[in-house]
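First comes the structure, then the notes that go with it.
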Amino acid sequence: MMNIDPRKKEEDFNKFLISQYLKYGSVDAVLKKHYYALPISPASYHRLLDKNNIVKAAGPHGKMSEALAFMEYLAEEKLPLEELYKKLPPSFQTSKITLHRIYNHIKQDITRRAATGLVITVKNEAQKILTARDISMPNFVYGKKRGAISIPMTFSKKGENKTISAMRVLQQEVFSKNAVNGVVPVKISDKDLDLIFKIKILDISLFIYHLEIPVEIAGTQGFSSFRMKEYRFLSFAEIAQLANAGKLRSGVYEIVNVYRQKLMGGKVAQTQVALVNQRLGLRIQ
């Protein structure tokens, strides 16, 4: 029988734990998924993540995707929220109470959460933006799929340093396999992140930054995530085609348009309100 090096066994187990965290978004979610049978305590799990420089999640990504999709659907339909909720498939996880709270926040113009999105481009190709398909997006009535192509974005903690917020996005949505192995191939600091603008979407204040990455990294196509796939650098024209086909996640086309205007030297408002909020506002009136 082949002997396994205990250090290698421990290393592999630690990588497994990190990958599970990046997949499920919280220590409790991982432990619950494995029926609390993993041989590690919550405190030790958190210490492992800290030791490996994993930026902790600031909110469940799936709920952002679901809430965006639901509210966009609500803005289109003339049904009450309760009636539309009844039509959702069992796989939809966000509670009706949470959706009511978000809807009330939109009514009252309250911002409850913060998030960070990255417009990632390669040097000398500022007009091509990294996109991917969000596989956590839910199916809706009769299996109809909402737009799922997005730029990388995650929840953030209010008031935290923008480099930390951006690294969380990179670890969770762009370089997950690298993060599991301990090395994200992009080193970033505050000076690398150019704030494009801030957009209020649902009850979230979403900060959008431009990040330029080296050609050699983009060329390897080494992008990976447990909730994003089919990474592509797309031109403005290609993104517009996807928008016309209803394949973009809510807010993405607005983000790309503001980036394009700024790239061309135009002046843009530094704080804007997403179209889905505007449409829900009209519905409320």
_Filter segment 194-236 down to the residues that are within 14 Å of the chain's Cα centre (by Cα) and among the small types (Gly, Ala, Ser) and list them by number._
SER205, SER224, SER225
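Let's see how each residue does on (1) more than 17 Å from ALA67 (Cβ to Cβ); (2) in contact with a helix residue (DSSP H, G or I) (Cβ under 6 Å, 6 or more places away or on another chain); (3) buried (at least 18 other Cβ atoms within 10 Å of the Cβ):
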| residue | (1), (2), (3) |
| --- | --- |
| ILE204 | no, no, yes |
| ILE208 | yes, yes, yes |
| GLU216 | yes, no, no |
| GLY222 | yes, no, no |
| ALA243 | yes, yes, no |
| VAL268 | yes, yes, no |
| THR271 | yes, no, no |
*Among the residues of segment 149-182, which ones are within 15 Å of the chain's Cα centre (by Cα) and polar (S, T, N, Q)?*
SER150, THR154, SER156, SER165, GLN171, GLN172, SER176
*asked:* Residue under question is ALA69, and the condition is that it be small (Gly, Ala, Ser), crowded, with 16+ Cβ neighbours inside 10 Å and part of a helix (DSSP H, G or I); does it hold?
replied: yes
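Which of the helices (runs of 4 or more DSSP H) found entirely inside segment 176-256 contain at least 3 residues meeting this: in contact (Cβ under 8 Å) with a residue 40 or more places away in the chain and touching a strand residue (DSSP E or B) at 6+ places or on another chain (Cβ under 9 Å)? Working first, answer last.
Values: elements: 176-180, 215-220, 236-244.
Passing ranges, in order: 176-180, 236-244.
Quick grid of which residues meet (1) out of contact with any helix residue (DSSP H, G or I) (no Cβ under 7 Å at 6 or more places or on another chain); (2) assigned to a helix (DSSP H, G or I); (3) modelled with pLDDT under 95; (4) over 30 Å from ALA114 (Cβ atoms):
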site	(1), (2), (3), (4)
TYR21	no, yes, no, no
PRO39	yes, no, no, yes
ASN53	yes, no, no, no
LEU84	no, yes, yes, no
*Residue check: is SER91 modelled with pLDDT under 95, under 26 Å from VAL27 (Cβ atoms), of a type outside the set (Asp, Glu) and in the same structural domain as TYR209 (by TED's automatic domain parsing)?*
yes
*Before we move on, is LYS33 more than 21 Å from the chain's Cα centre (by Cα) and surrounded by fewer than 20 Cβ atoms within 10 Å (Cβ to Cβ)?*
yes
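The values are calculated or read from the model by the stated rules, or taken from the named source; none is laboratory data. Because the structure is predicted, anything quoted here is derived from the model rather than measured. Cβ sites come from the backbone with ideal geometry, for glycine too, and all protein chains shown count toward neighbours.
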